[in-house]
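The values are calculated or read from the model by the stated rules, or taken from the named source; none is laboratory data. In this text the structure is predicted, and so the values were computed from the model without any measurement. We place every Cβ from the backbone using ideal geometry, glycine too, and count neighbours over all the protein chains shown.
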Amino acid sequence: MALKLLVGTRKGLFMLEDGLGGWAITRHDFVGTPVTSLLHDPRNGMYYAALNHGHFGVKLHRSEPGGAAWEEVSPPAFPEGFGGDAAKAPAVSLIWSLASGGADRPGQIWAGTIPGALFRSDDRGGSWVLVEGLWLQESRARWFGGGYDDPGIHSILIDPRDSDSMVVGISCGGVWLSRDGGASWTLGGQGLVAAYMPPEARFDPAVQDPHRIVACPAAPDRLWTQHHNGVFRSEDGGANWSQVVGLPLSDFGFAVAVHPARPDTAWFVPAESDEKRIPLDGQFVVTRTRDGGYSFETLRRGLPLPPAYDLVYRHALEVAPDGKTLAMGSSTGSLWTSADGGEAWQLANAHLPPIACVTFAT
Amino acid sequence: MPRITFTAHLRRWAPSGPVIVPGTTVRLALESVFAEYPALRLYVLDEQRRLRKHVALFVDGTRAALDDAVPQNAEIYVLQALSGG
């Protein structure tokens, strides 16, 4: 089936298809409403779109394969009165990540939210349960918001070898690991460093801000993170990390994508340090390593000449299962694709609403 | 009984025009509507049954809270606050 590209923006969901003239918009759903997270479930072809209506709260919609028949389903939500104090009980303010469960759990999907909570559905989003084992971690008192008022879960990695084994990334609450389907958790992230903390707390794994974490599907213990203070890699499923140095331009950014079959190949979109959050000197580029971070290439072909002030958020850089097709959307509403692993980029649209997330689908 | 009107932004989930429903507080009047329009509930209230932060309630022209009493034949408006969103 032909590849589709789903683009979640501040003003709805755009679907694009690849044709003779390049990627072209074929649908626009949820017109006017921010789309905060997208999932194409490769197990059954289902589409999921998380919305943030602003005034009217977060919502979840799903569609049969193809994305032509959306229906609203229950969004993840905290139990009524959770925590004992009804006035202070938490409520979901953003669905920030969605992930498919393992191949042996066909109805299972996971959602990460702001505030930093993980939810599980066993019926394709029809109903949700809070993963209390993570919510009740004592170190939660040390977590804090990164770009939002409250901490949030932006990365959920289910191990393809074991559906009970998972990694969760929290801004700012570190890297969390479970081997029993979320019942118990250990704090990974040893080796990450937080320059925004006082010296004695910089290596505290519970205050780290991994902006985005990805795992290579063919080598699930091999992880990359674009962290607030640099790029790090893990070879043991997220417990221990080592910093990658020598990135061109900058090691700050939000997004990272890893090749589906080659764990040493990853893409980043650098930005100027956290004080500014714009491309360095207006140079909008993609950087790529093909040797596990020992060396990097700077990929510019097809991208705008300086000055360009596009910023690519956490979920707005994706690689397709073929390992060659990439898509990237920016905070200023530009969308590019590449058919050759990032060597050259083609502008699909320069005038979309601000882009939060992109994902490939069939 | 109070009469309740919803902002046009909620038209997909709410009654298309004003409805007269039983209820001695704003919350009870809303519950009467939610009984007929269950999908509307989570657009007006959060999962803790609190009024969403950027939804504004008015009773007879005055900003009101969920648990305020409503007079006989009151006019209730459920509107989008201009904060947020």
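Residue count for the range A:63-83 under the criterion of being within 14 Å of another protein chain (Cβ to nearest Cβ) and among the aliphatic types (A, V, I, L, M): the result is 2. Residue by residue through the range A:141-194, note down the ones that are surrounded by fewer than 23 Cβ atoms within 10 Å (Cβ to Cβ), in contact with a Pro (Cβ under 7 Å, 6 or more places away or on another chain) and at positive phi. Scanning the range A:141-194 gives no hits. Could you list, in sequence order, all residues of the range B:11-29 that are within 14 Å of chain A (Cβ to nearest Cβ) and out of contact with any Leu (no Cβ under 7 Å at 6 or more places or on another chain)? B:11, B:12 - these are the residues of the range B:11-29 that are within 14 Å of chain A (Cβ to nearest Cβ) and out of contact with any Leu (no Cβ under 7 Å at 6 or more places or on another chain). Taken as a whole, the range A:306-317 holds no residue that is buried (at least 21 other Cβ atoms within 10 Å of the Cβ), on the phi < 0 side of the Ramachandran plot, without any contact (Cβ under 8 Å) to a residue 24 or more places away in the chain and part of a loop (DSSP other than H, G, I, E, B).
Restricting the range A:84-95 to residues that are at the interface with chain B (Cβ under 10 Å from one of its Cβ atoms) and hydrophobic (A, V, I, L, M, F, W, C) leaves a set whose member that is farthest from residue A:128 (Cα to Cα) is A:87. Scanning the range A:11-59 for residues that are within 21 Å of residue B:80 (Cβ to Cβ) and in contact (Cβ under 8 Å) with a residue 60 or more places away in the chain gives A:11, A:12, A:34, A:35, A:36, A:50. In the range A:239-254, the count of residues that are within 15 Å of the chain's Cα centre (by Cα) and either surrounded by 19 or more Cβ atoms within 10 Å (Cβ to Cβ) or part of a loop (DSSP other than H, G, I, E, B) (or both) is one or more. Residues of the range A:318-362 that are crowded, with 21+ Cβ neighbours inside 10 Å, within 15 Å of the chain's Cα centre (by Cα) and in a loop (DSSP other than H, G, I, E, B): A:330 alone. With respect to residue A:54, is the statement that it is within 21 Å of residue A:133 (Cβ to Cβ) and within 14 Å of another protein chain (Cβ to nearest Cβ) true? The answer is no for residue A:54. If you go through the range A:230-240 and keep only what is under 23 Å from residue A:286 (Cα atoms) and in contact (Cβ under 8 Å) with a residue 60 or more places away in the chain, you end up with A:231, A:233.
Listed by position, the strands (runs of 3 or more DSSP E) contained in chain B that have at least 1 residues being among the aromatic types (Phe, Trp, Tyr) are B:3-6, B:55-59, B:75-80. In the set A:219, A:215, A:195, only one residue is of a type outside the set (Val, Ile, Thr), at pLDDT below 95 and out of contact with any helix residue (DSSP H, G or I) (no Cβ under 6 Å at 6 or more places or on another chain); that residue is A:195.
The single condition among (1) of a type outside the set (Lys, Arg); (2) at pLDDT 95 or above; (3) crowded, with 21+ Cβ neighbours inside 10 Å that residue A:261 does not meet is (3).
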